[in-house]
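S.K.: Before we start, here is the structure in question, set down as structure tokens.
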Amino acid sequence: MPNSFRVIIPARMASTRLPNKPLADIGGAPMVIRVAQQAQKSLAKSIVIATDSVEIESACRDFPFEVILTKPTHPTGTDRLSEVVALLGLADDEIVVNVQGDEPFIPPELINLVAHSLQSHPQCAIATAGVPITDIIEINNPNVVKIVRNHKGEALYFSRAAIPFQRDENTVADSVRCLRHIGIYAYQAHFLKAFAQLAPAPIEQWEALEQLRALWYGYSIAVEISAQMPPLGVDTYEDLEKARLEWSNIRKFSN
């Protein structure tokens, strides 16, 4: 697969559960830098950190990654990406992968997967990923977002509800699997340029799922099946301690 895509990592200081999260130290470097280093292992042709914080910008200057200071008023990370796409002057068909700034162990293969998916589905504006789930507790958990795809591998809907719902236990359909959404996206630049002008959709507000805005306005989303669920992001101090321990173990076994 050609390395014809970019990675943009939105990073903001505001976090209710873990203050100053992007700058949290993991093995001697800020967490957002650890994310960038993982992304650098992918086939991306460039890595950009997009932040609204002068403090984050300053901390990242000590590392070999491009940093862009964006407006502090963006309501979502996608809006921040939209500004970066405009500042970089990207062509409409350029592919941008949004990697969250709190995933220091994101698999580079997952980044490549969604980028390649969008390259293979030029009719789609977005590509994302899902992993099959069978645990009924996860299926019924509203914090686990589920996806239903059509025959072309494109998203029909995302929901916090248990979808697709199996009404009859005797119904067997091998082609239907419950998919857990993995929160990584590849975008065509033209969609990011348009996104900031789209009003929030009613279904987006009802489910509290930003990706439903794209479906509401008629954009197609390709959904690739991932072989495994990636490590979860860092949201709490307990998560941070686990990440530090994991980093320490990785370094120990790599030496």
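S.K.: Out of Gln197, Gln228, I need the residue that is open to solvent by 30 Å² or more (accessible area, probe 1.4 Å), among the polar types (S, T, N, Q), touching a residue at least 12 places away in the same chain (Cβ under 8 Å) and in a loop (DSSP other than H, G, I, E, B). Which one?
M.R.: Working: Gln197 fails: touching a residue at least 12 places away in the same chain (Cβ under 8 Å).
Among Gln197, Gln228, only Gln228 is open to solvent by 30 Å² or more (accessible area, probe 1.4 Å), among the polar types (S, T, N, Q), touching a residue at least 12 places away in the same chain (Cβ under 8 Å) and in a loop (DSSP other than H, G, I, E, B).
S.K.: If the requirement is being within 30 Å of Ala243 (Cβ to Cβ) and either open to solvent by 50 Å² or more (accessible area, probe 1.4 Å) or within 14 Å of the chain's Cα centre (by Cα) (or both), which of these qualifies: Pro122, Pro108? Can you show your working first?
M.R.: On the way: Pro122 fails: within 30 Å of Ala243 (Cβ to Cβ).
Only one candidate qualifies: Pro108.
S.K.: Applying the selection to the stretch 77-94, what residues are open to solvent by 40 Å² or more (accessible area, probe 1.4 Å) and not in a helix (DSSP H, G or I)?
M.R.: Quick first cut of the stretch 77-94, residues open to solvent by 40 Å² or more (accessible area, probe 1.4 Å) only: 86-89, 91-93.
Gly89, Ala91, Asp92, Asp93 - these are the residues of the stretch 77-94 that are open to solvent by 40 Å² or more (accessible area, probe 1.4 Å) and not in a helix (DSSP H, G or I).
S.K.: For the stretch 127-144, give me the residue count where each residue is out of contact with any helix residue (DSSP H, G or I) (no Cβ under 9 Å at 6 or more places or on another chain), closer than 12 Å to Cys178 by Cα and β-branched (Val, Ile, Thr).
M.R.: 4
Here's the yes/no breakdown for (1) surrounded by fewer than 20 Cβ atoms within 10 Å (Cβ to Cβ); (2) within 22 Å of Thr128 (Cα to Cα); (3) free of Cβ contacts under 8 Å to residues at least 12 places away in the same chain; (4) of a type in the set (Gly, Ala, Ser):
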position: Arg6; (1), (2), (3), (4): no, yes, no, no
position: Met13; (1), (2), (3), (4): yes, no, no, no
position: Ala36; (1), (2), (3), (4): no, yes, no, yes
position: Val54; (1), (2), (3), (4): yes, no, no, no
position: Glu66; (1), (2), (3), (4): yes, no, no, no
position: Pro75; (1), (2), (3), (4): yes, yes, yes, no
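S.K.: Something else now. If you scan the stretch 200-218, which residues turn out to be touching a strand residue (DSSP E or B) at 6+ places or on another chain (Cβ under 7 Å), assigned to a loop (DSSP other than H, G, I, E, B) and surrounded by fewer than 20 Cβ atoms within 10 Å (Cβ to Cβ)? I'd like the intermediate steps shown before the answer.
M.R.: Narrowing the stretch 200-218 to residues touching a strand residue (DSSP E or B) at 6+ places or on another chain (Cβ under 7 Å): 207, 209, 211-212, 214-215.
This time we only want the ones that are assigned to a loop (DSSP other than H, G, I, E, B), so: 209, 211.
Hit for the stretch 200-218 is Leu209, nothing else.
S.K.: Shifting gears a bit: Just to be sure I understand, how many residues within the stretch 25-34 are in contact with a Lys or Arg (Cβ under 9 Å, 6 or more places away or on another chain) and surrounded by 19 or more Cβ atoms within 10 Å (Cβ to Cβ)? Walk me through it before giving the result.
M.R.: So in the stretch 25-34, the residues in contact with a Lys or Arg (Cβ under 9 Å, 6 or more places away or on another chain) come out as 25-27, 31-32.
Pick out the ones that are also surrounded by 19 or more Cβ atoms within 10 Å (Cβ to Cβ) and you get 26, 31-32.
Total meeting the criteria: 3.
S.K.: Further, regarding this structure: Test Ala50 against the stated conditions and say whether it is open to solvent by less than 40 Å² (accessible area, probe 1.4 Å) and touching a residue at least 40 places away in the same chain (Cβ under 8 Å).
M.R.: On the way: open to solvent by less than 40 Å² (accessible area, probe 1.4 Å): yes; touching a residue at least 40 places away in the same chain (Cβ under 8 Å): yes.
Against the criterion (open to solvent by less than 40 Å² (accessible area, probe 1.4 Å) and touching a residue at least 40 places away in the same chain (Cβ under 8 Å)), Ala50 qualifies.
The values are calculated or read from the model by the stated rules, or taken from the named source; none is laboratory data. These figures come from a predicted structure and were not determined experimentally. Using ideal geometry, Cβ is built from the backbone for each residue, glycine included, and neighbour counts are taken over all protein chains shown. Surface accessibility is based on the protein's heavy atoms, side chains included, excluding ligands, DNA and RNA. Shrake-Rupley method; radii C 1.70, N 1.55, O 1.52, S 1.80 Å.
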